[in-house]
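A.B. asks: Take a look at this one; I'll ask things after.
The values are calculated or read from the model by the stated rules, or taken from the named source; none is laboratory data. The model shown is predicted, which means the values in this text are computed figures rather than measured ones. FYI the Cβ positions are ideal-geometry reconstructions off the backbone, even for glycines, and counts take in every protein chain you see. Each accessible area value is taken on the protein alone, full model and side chains, heavy atoms only, with ligands, DNA and RNA left out. Shrake-Rupley method; radii C 1.70, N 1.55, O 1.52, S 1.80 Å.
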Amino acid sequence: QVQLVESGGGLVQAGGSLRLSCVASRNCNSMGWYRQAPGKQRELVALISSSGRTTYVDSVKGRFGISRDNAKNTVYLQMNSLKPEDTAVYYCWAFPAGTTAYWGQGTQVTVSS
């Protein structure tokens, strides 16, 4: 079992920045962030492997940066140049080796125009 605790969401104006954090109760191979906007399906935002390899959805490339601190079992999502279309609930995701994936409770990010 893995518990994920997210923080850092909030309300920001377009062009602003936010940083999301997610602390896992134990080390996980892959970690990342998904988001779900009202009326839309949950989508991948960014993933990072234990070695630091990253993957991003095209819509956030060049604006968002995912990183992790393995000593703290923490993954971060730095979000810059935010747009109203980035408004969503952001979910932390973690995949410990050889087990199922886990989700955080979600944190709301709202970008006003």
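A.B. asks: Looking at A97, A101, A71, A88, can you tell me which residue is among the aliphatic types (A, V, I, L, M), over 13 Å from V45 (Cβ atoms) and touching a residue at least 40 places away in the same chain (Cβ under 8 Å)?
C.D. replies: A97
A.B. asks: A further question follows. Taking the residues in the stretch 10-52 that are surrounded by fewer than 21 Cβ atoms within 10 Å (Cβ to Cβ) and of a type in the set (D, E, K, R) as candidates, determine which candidate is farthest from A97 (Cα to Cα).
C.D. replies: Among those residues, the one meeting the criterion is K40.
A.B. asks: Which ones in the stretch 53-67 are open to solvent by 40 Å² or more (accessible area, probe 1.4 Å) and of a type in the set (G, A, S)?
C.D. replies: S59, G62, S67
A.B. asks: Can you tell me which residue within the stretch 68-92, out of those that are in a strand (DSSP E or B) and farther than 22 Å from L11 by Cα, is least open to solvent (accessible area, probe 1.4 Å)?
C.D. replies: If we take residues in the stretch 68-92 being in a strand (DSSP E or B) and farther than 22 Å from L11 by Cα, then T74 is least open to solvent (accessible area, probe 1.4 Å).
A.B. asks: Which residue out of S21, S67 is touching an Asp or Glu at 6+ places or on another chain (Cβ under 9 Å) and at negative phi?
C.D. replies: Values: S67 fails: touching an Asp or Glu at 6+ places or on another chain (Cβ under 9 Å).
When all the criteria are applied, what remains is S21.
A.B. asks: Taking the criterion of being part of a loop (DSSP other than H, G, I, E, B) and free of Cβ contacts under 8 Å to residues at least 40 places away in the same chain, would at least one residue in the stretch 28-35 satisfy it?
C.D. replies: Taking every residue of the stretch 28-35 in turn, none turns out to be part of a loop (DSSP other than H, G, I, E, B) and free of Cβ contacts under 8 Å to residues at least 40 places away in the same chain.
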